[in-house]
1. Does region 51-76 hold any residues that are surrounded by 16 or more Cβ atoms within 10 Å (Cβ to Cβ), assigned to a helix (DSSP H, G or I) and within 21 Å of the chain's Cα centre (by Cα), and which are they?
2. Going by what's in this entry, would residue 52 be described as away from the ligand (no atom under 16 Å from the Cβ), over 30 Å from residue 92 (Cβ atoms) and either in contact with a helix residue (DSSP H, G or I) (Cβ under 9 Å, 6 or more places away or on another chain) or modelled with pLDDT under 75 (or both)?
3. Please verify whether region 90-97 includes one or more residues that are assigned to a helix (DSSP H, G or I) and within 13 Å of residue 68 (Cβ to Cβ).
Ligand SMILES: [Zn+2]
């Protein structure tokens, strides 16, 4: 790079001529002002794709588990939501698990009710004898 004022040879990256002090800044592009590469200017969007019937499958699964301890009403919800999830096209295994757990809770409740009836019947028979 040659100084335009004194014509001495200057190193390329200096801001002033070491010989006469001429400021090179005005005629030189400012590298720091270069814009970012264009691909960095676009925000990145992440598409959140929800599987069909995913909510219903999750509800079915949760209700199915709770119904094993809390009884057949949640079991029925688990079955209904599980079937809805499958009808909506869910391939989530939680939907099928929820239905199975729902039926188990109903079966457990039914057995429990029958046991109570049986014991009450035996109790009444024994009291009356
Ligand atoms: Zn100079």
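1. 54, 56, 57, 58, 59, 60, 61, 62, 63
2. Details: away from the ligand (no atom under 16 Å from the Cβ): yes; over 30 Å from residue 92 (Cβ atoms): no; either in contact with a helix residue (DSSP H, G or I) (Cβ under 9 Å, 6 or more places away or on another chain) or modelled with pLDDT under 75 (or both): yes.
Taking the combined requirement at face value, the residue does not satisfy it.
3. Narrowing region 90-97 to residues assigned to a helix (DSSP H, G or I): 93-97.
With the extra rule that they be within 13 Å of residue 68 (Cβ to Cβ), the set shrinks to 97.
Yes, the conditions are met somewhere in region 90-97.
The values are calculated or read from the model by the stated rules, or taken from the named source; none is laboratory data. Not measured: the values here are computed from a predicted model. Every residue, glycine as well, gets a Cβ built from its backbone with ideal geometry; the counts of neighbours run over all protein chains shown.
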